[in-house]
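Trainee: The structure's right below; bear with me while I get my questions together.
The values are calculated or read from the model by the stated rules, or taken from the named source; none is laboratory data. Just so it is clear, the structure is predicted and the values come from calculations on it, not from any experiment. For neighbour counting, all protein chains shown are included, and Cβ atoms are generated from backbone atoms with ideal geometry for every residue, glycine included. Keep in mind that these areas ignore ligands, DNA and RNA; they rest on the heavy atoms of the full protein, side chains included. Shrake-Rupley method; radii C 1.70, N 1.55, O 1.52, S 1.80 Å.
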Amino acid sequence: MHLFHRQSGELYCEQVSVGELAERHGTPLYVYSQGALSGRYRDLSDALEPLDHRVCYAVKANSNLAVLRVLARLGAGFDIVSEGELRRVIAAGGAAGRCVFAGVGKSEREIEFALRRGIYCFNVESIPELVRINRVAARLGKIAPVAVRLNPNIDAHTHAKITTGTYQNKFGVPFERVEEACARAARLKNLRLRGLQMHIGSQLTKAEPFEAAVKKVIPLARKLAARHGLEFLSIGGGLGIVYDRALASGSPAWWQSPPSRGFITPAAYAGRLAPLLKPLGLRILIEPGRFIVGNAGILVTRVEYVKKTGVKTFVIVDAAMNDLIRPAFYDAFHEIVPVSRHTNLLVSSDVVGPICESGDYFCRDRPLPKVRAGDYLALMSAGAYGFVQASNYNSRPLAAEVLVNGARSAVIRRRQRLPELWAGETFPAWLR
Ligand code: LLP
């Protein structure tokens with residue numbers, strides 16, 4: 001089910017021409033395929049069928065209300081990290097009772113809001129946080145459901161900025177201190193210890209780190225489940241996606257055809273983990289973000305200028321690092337393809353944005369089909385951590401977002417208007 005494809009040289013999202021969307025709505029434009037994101041959700045959920053499981057989509061990856069509604073209607077739970085994300089889930093029609101609340105810095109206000117709304121569980125990252133949640137719950141006359149997030153100290157073999165499960169990272173309770181944290185939670189009167197959680201990192205492309213973490217945690221989980229009557233173990237998110245040649249690889253889609261270029265697929269993931277997890281007898285939660293939405297979205301941009309310096313060819317486009325920061329921030333690779341393919345002539349190009357920073361690039365010295373001003377390009381696999389990490393740097397408005405479903409398309413976030421950029425700003429009395 002590869003839902004970005006070409007028809008007579010033109011890029012399509014499902015049955016809708018991407019070029020026509022760009023003409024109608026302008027660029028930069030995020031375009032998402034509803035079929036792709038629901039397909040990913042179902043593939044993963046189906047693969048985990050042997051387990052009593054719940055897929056809690058990580059809202060941080062793409063928090064557009066329409067995206068959340070699609071997943072809520074498929075029965076997803078949600079992994080949230082702020083009051084804002086919880087309010088989004090609720091606004092989209094999701095239930096707080098299917099949300100887990102992660103993050104090292106939950107404020108009293110956020111805890112209170114989540115408790116009042118009936119959150120499924122707080123994934124707690126420290127003893128001071130347990131104490132705080134207990135205090136807020138006591139004040140409200142409630143019992144707060146908590147799980148202890150443990151740090152298994154396992155290297156996920158991914159980019160340093162998205163590694164979370166080693167002792168160099170701020171996340172979770174160190175493995176050796178988890179029993180103590182659980183004992184503390186059990187003694188606090190307004191807490192109910194419901195589970196254990198871990199998340200070792202993002203964009204993991206192999207099963208081994210997941211397997212190593214699960215193997216390390218199982219004996220402890222078994223002991224603590226017997227001692228405290230735990231209900232679930234969450235093994236976090238982190239399933240990686242293909243970023244290179246995601247379009248060119250065509251169908252059948254890589255995640256459905258193992259061994260598929262060494263990448264972990266839902267079947268391989270579940271095949272390795274389910275036999276280990278099943279005997280625990282606990283409900284298993286997973287918190288995928290990127291895997292669900294990453295390949296389901298693209299960022300469409302227009303070429304403004306082609307600038308040849310004698311040393312380089314700079315393709316200057318109207319999207320920039322403020323729209324998609326992943327290349328600048330993580331040296332991330334996004335495949336770049338022309339929306340209309342009219343030549344096979346390749347030119348070594350740097351695709352760059354208009355922002356005044358040398359780091360504002362999408363690729364460097366990459367052979368790309370020759371383009372002209374006015375052509376559209378698509379940055380592939382931009383559905384996760386794309387729009388959500390956008391900023392207004394250089395006073396650039398946030399891009400619009402469109403959702404495609406079969407032959408239909410709709411704007412799910414209109415382009416930000418320029419006066420909205422300074423709407424919250426005021427002059428101090430002495431400058432009036
Ligand atoms: N659960 C927890 C507790 C997390 O911290 C994260 C991601 C997830 C689940 C979802 O991880 P995923 O399945 O998407 O890998 N901005 C970075 C990624 C940051 C991930 C943060 N935590 C990027 O653009 O690559």
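Trainee: Name every residue in the stretch 141-163 that is open to solvent by 40 Å² or more (accessible area, probe 1.4 Å) and closer than 25 Å to G77 by Cβ, in order of residue number.
Mentor: K142, I143
Yes/no matrix, rows are residues, columns are (1) touching a Phe, Trp or Tyr at 6+ places or on another chain (Cβ under 6 Å); (2) within 16 Å of the ligand (Cβ to nearest atom); (3) farther than 20 Å from G26 by Cβ:
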{"residue": "D350", "(1), (2), (3)": "yes, no, yes"}
{"residue": "C356", "(1), (2), (3)": "no, no, yes"}
{"residue": "G359", "(1), (2), (3)": "no, yes, yes"}
{"residue": "F362", "(1), (2), (3)": "no, yes, no"}
{"residue": "P369", "(1), (2), (3)": "no, no, yes"}
{"residue": "R372", "(1), (2), (3)": "no, no, no"}
{"residue": "L377", "(1), (2), (3)": "no, no, no"}
{"residue": "A382", "(1), (2), (3)": "no, yes, no"}
{"residue": "G386", "(1), (2), (3)": "no, yes, no"}
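Trainee: When residues of the stretch 299-313 are filtered for being touching a residue at least 24 places away in the same chain (Cβ under 8 Å) and open to solvent by 90 Å² or more (accessible area, probe 1.4 Å), how many remain?
Mentor: Number satisfying all stated conditions: 1.
Trainee: Looking only at helices (runs of 4 or more DSSP H) that fall completely inside the stretch 45-125, which ones have 1 or more residues that are among the small types (G, A, S), open to solvent by 10 Å² or more (accessible area, probe 1.4 Å) and more than 16 Å from the ligand (Cβ to nearest atom)?
Mentor: 65-73, 83-91
Trainee: For the subset of the stretch 275-298 comprising residues that are away from the ligand (no atom under 16 Å from the Cβ) and open to solvent by 10 Å² or more (accessible area, probe 1.4 Å), which member is nearest to L220 (Cα to Cα)?
Mentor: So the residue we want is L280.
Trainee: Filter the stretch 348-394 down to residues that are more than 27 Å from the chain's Cα centre (by Cα), assigned to a loop (DSSP other than H, G, I, E, B) and in contact (Cβ under 8 Å) with a residue 40 or more places away in the chain, then give me how many there are.
Mentor: The qualifying residues number 5.
Trainee: Continuing with this model, one more query. Has the stretch 252-259 got at least one residue that is under 29 Å from K216 (Cα atoms), part of a helix (DSSP H, G or I), within 15 Å of the ligand (Cβ to nearest atom) and at pLDDT below 90?
Mentor: Yes; the residues of the stretch 252-259 include at least one that is under 29 Å from K216 (Cα atoms), part of a helix (DSSP H, G or I), within 15 Å of the ligand (Cβ to nearest atom) and at pLDDT below 90.
Trainee: Take the residues in the stretch 395-421 that are assigned to a helix (DSSP H, G or I) and touching a residue at least 24 places away in the same chain (Cβ under 8 Å), then tell me which one is most open to solvent (accessible area, probe 1.4 Å).
Mentor: Applying the filter and picking the extreme gives S395.
Trainee: What's the number of the condition E357 fails, among (1) among the acidic types (D, E); (2) more than 27 Å from V81 (Cα to Cα); (3) open to solvent by less than 40 Å² (accessible area, probe 1.4 Å)?
Mentor: (3)
Trainee: Do you know which residues across the stretch 134-146 are in contact with a helix residue (DSSP H, G or I) (Cβ under 9 Å, 6 or more places away or on another chain) and either assigned to a loop (DSSP other than H, G, I, E, B) or within 24 Å of Y167 (Cβ to Cβ) (or both)?
Mentor: K142, I143, V146
Trainee: Would you mind finding the one in E304, E335 that is within 16 Å of the ligand (Cβ to nearest atom) and within 18 Å of V371 (Cβ to Cβ)?
Mentor: Of E304, E335, the one residue that is within 16 Å of the ligand (Cβ to nearest atom) and within 18 Å of V371 (Cβ to Cβ) is E335.
Trainee: Anything in the stretch 164-194 that is free of Cβ contacts under 8 Å to residues at least 12 places away in the same chain and either in a loop (DSSP other than H, G, I, E, B) or open to solvent by less than 30 Å² (accessible area, probe 1.4 Å) (or both)? List them, or say none.
Mentor: Answer for the stretch 164-194, where residues must be free of Cβ contacts under 8 Å to residues at least 12 places away in the same chain and either in a loop (DSSP other than H, G, I, E, B) or open to solvent by less than 30 Å² (accessible area, probe 1.4 Å) (or both): just Q168.
Trainee: Could you list, in sequence order, all residues of the stretch 84-106 that are within 21 Å of M198 (Cα to Cα) and either of a type in the set (A, V, I, L, M) or in contact (Cβ under 8 Å) with a residue 24 or more places away in the chain (or both)?
Mentor: E85, L86, A96, R98, C99, V100, A102, V104, K106
Trainee: Further question: Whether any residue in the stretch 201-208 is at pLDDT below 95, within 22 Å of the chain's Cα centre (by Cα), outside any helix (DSSP H, G or I) and of a type in the set (S, T, Y) is what I want to check.
Mentor: Scanning the stretch 201-208, I find at least one residue that is at pLDDT below 95, within 22 Å of the chain's Cα centre (by Cα), outside any helix (DSSP H, G or I) and of a type in the set (S, T, Y), so the answer is yes.
Trainee: Find the strands (runs of 3 or more DSSP E) located wholly in the stretch 288-341 whose residues include 3 or more that are farther than 17 Å from S358 by Cα, and list them.
Mentor: Where strands (runs of 3 or more DSSP E) fall fully within the stretch 288-341 and carry at least 3 residues being farther than 17 Å from S358 by Cα, they are 297-308, 336-338.
Trainee: If you check F101, F113, which single one turns out to be at pLDDT 95 or above and farther than 19 Å from G238 by Cβ?
Mentor: Testing whether each residue is at pLDDT 95 or above and farther than 19 Å from G238 by Cβ leaves just F113.
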